[in-house]
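The values are calculated or read from the model by the stated rules, or taken from the named source; none is laboratory data. Worth saying up front: this structure is predicted, and the values here are computed from it rather than measured. So basically every Cβ, Gly included, is an ideal-geometry build from the backbone, and we count neighbours across all protein chains shown.
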Amino acid sequence: MFTKFLATLSFIKNKPSLFHHYLVPDTRPFLYLYIFLRRIYQIKDFYKRKSLTKNFDLSKLNKIPKEKGYLISKSNFMKKKMFKVINRISKLSDILDWNQIEKENKKKFLLQYLVDLTEKKNFDILDLLMEDEIIGRISLYLGQIPILLSCNLWYSPNKTFEKGRSQQFHLDNEDIRQIKLFIPIKDIASNTGPLHAISKYESVKIYHNLKKSDCKKRFGYPIQNQKFNDEIILKFKPKINKLTGKVGNVIFLDTSKCYHYGSRPTKNSKPRCMLALHFVTSQSRELPLWGIKNISVLNNLNIKKFSKEYKNKILNYFFRHYVANKKIKFYR
């Protein structure tokens, strides 16, 4: 206990702009209050991000349904860019030594390889993200231009199950709304450990009903990021959705609103491989309260400008925190 206390003090000392991690209880009402207050605190940034969403016209595309909180979409307008990225990342996955990565990784069931989007070789991913099918859908779902937290290549061997980890039902707690975007590098089928998710509508009902259940609580509310045994969640009889997808599909999931669990091994399991990107709002608890300069992404990375000026602004808003983090390292 004392060691944990010292670790907390050390964290706050080294990253004072993230001290709110230890002030905001991991429950939905307190997180909503924090997001509301932070939105007021950075009202100018919020409204600029919100106003930029008016540039997206998704009348010909399926939006991420608000009541579901997830969408599996087949790429129609960006197929060439999509397969360019997939082919390159697939070759990268084939040459990586996943056995060595497993030895160095705490999670044996989910191996992650960092894909640095500030490197020129990965600019094709940035170009893909700027398609309306991706950044437009996410922005309209979140109600503002999002912030990219991370980009990783995920490889699940599907050999082990670890209790108390993300292989059990849980909600993420970085934001009140967020999107994790998954691009399959190989087809994701039932035997490759697909994500399993419960719709946002049903998940909200489950969260409220859990207040009457025997689970970890703070001030009478369930802790959001705790891991649940299947029987606790399944007693509410929700529909469990397998988020399978073929190469060329894009999977969007609001992991803070939809109860979900990650890859689990089955009798005839095969590995799963996909590109995973994490988008949050600018009020996310993962972001520092101060210290982010209004840097120019285009100038910093020497990226060629888009012909449409609003796209340059959008790129700067969703990517500047990512670029700044490479220098300041404020993400946990």
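Pairs meeting the criteria (first residue in segment 67-93 and under 13 Å from Ile185 (Cβ atoms), second residue of a type in the set (Gly, Ala, Ser), beta carbons under 7 Å, at least 6 apart or on different chains) are Met82/Ser75; Met82/Gly248; Phe83/Gly248. Consider segment 270-321. How many of its residues are in a helix (DSSP H, G or I), farther than 17 Å from Leu117 by Cα and not charged (D, E, K, R)? Result for segment 270-321: 1. In the set (1) more than 25 Å from Val24 (Cα to Cα); (2) part of a helix (DSSP H, G or I); (3) in contact with a strand residue (DSSP E or B) (Cβ under 7 Å, 6 or more places away or on another chain), Ile232 fails one condition alone, (3). Listed by position, the helices (runs of 4 or more DSSP H) contained in segment 1-60 that have at least 1 residues being among the acidic types (Asp, Glu) are 43-52. Taking the listed residues Lys200, Lys227, Lys239, Lys217, the one that is more than 22 Å from Gly262 (Cβ to Cβ), in contact (Cβ under 8 Å) with a residue 24 or more places away in the chain and either out of contact with any Gly (no Cβ under 6 Å at 6 or more places or on another chain) or not aliphatic (A, V, I, L, M) (or both) is Lys217, with no other qualifying.
Any residue in segment 202-211 that is of a type in the set (A, V, I, L, M, F, W, C), out of contact with any His (no Cβ under 7 Å at 6 or more places or on another chain) and not in a helix (DSSP H, G or I)? Among the residues of segment 202-211, not one is of a type in the set (A, V, I, L, M, F, W, C), out of contact with any His (no Cβ under 7 Å at 6 or more places or on another chain) and not in a helix (DSSP H, G or I), which makes the answer no. Screening segment 63-79 for residues that are of a type in the set (Lys, Arg) and part of a loop (DSSP other than H, G, I, E, B) and picking the one that is surrounded by the fewest Cβ atoms within 10 Å (Cβ to Cβ) gives Lys66. Within segment 1-19, residues that are modelled with pLDDT of 80 or more reach partners that are part of a helix (DSSP H, G or I) with beta carbons closer than 8 Å, at six or more positions or on different chains, in the pairs Leu18/Phe11; Leu18/Ile12; Phe19/Ile12. Filter segment 258-286 for residues that are under 14 Å from Pro184 (Cα atoms) and among the aliphatic types (A, V, I, L, M); which is farthest from the chain's Cα centre (by Cα)? So, considering only residues that are under 14 Å from Pro184 (Cα atoms) and among the aliphatic types (A, V, I, L, M), the one farthest from the chain's Cα centre (by Cα) is Met274. The set of residues in segment 102-118 being outside any strand (DSSP E or B) and either surrounded by 15 or more Cβ atoms within 10 Å (Cβ to Cβ) or touching a Pro at 6+ places or on another chain (Cβ under 9 Å) (or both) consists of Glu102, Asn105, Lys107, Lys108, Phe109, Leu110, Val115, Leu117, Thr118. Among the residues of segment 283-292, not a single one is among the hydroxyl-bearing types (Ser, Thr, Tyr), crowded, with 17+ Cβ neighbours inside 10 Å and touching a helix residue (DSSP H, G or I) at 6+ places or on another chain (Cβ under 6 Å).
Conditions (1) touching a Cys at 6+ places or on another chain (Cβ under 6 Å); (2) modelled with pLDDT under 95; (3) buried (at least 17 other Cβ atoms within 10 Å of the Cβ), marked per residue:
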| residue | (1), (2), (3) |
| --- | --- |
| Ile145 | no, no, yes |
| Ser150 | no, no, yes |
| Lys163 | no, yes, no |
| Ile183 | no, no, yes |
| Ile188 | no, no, yes |
| Gly193 | no, yes, yes |
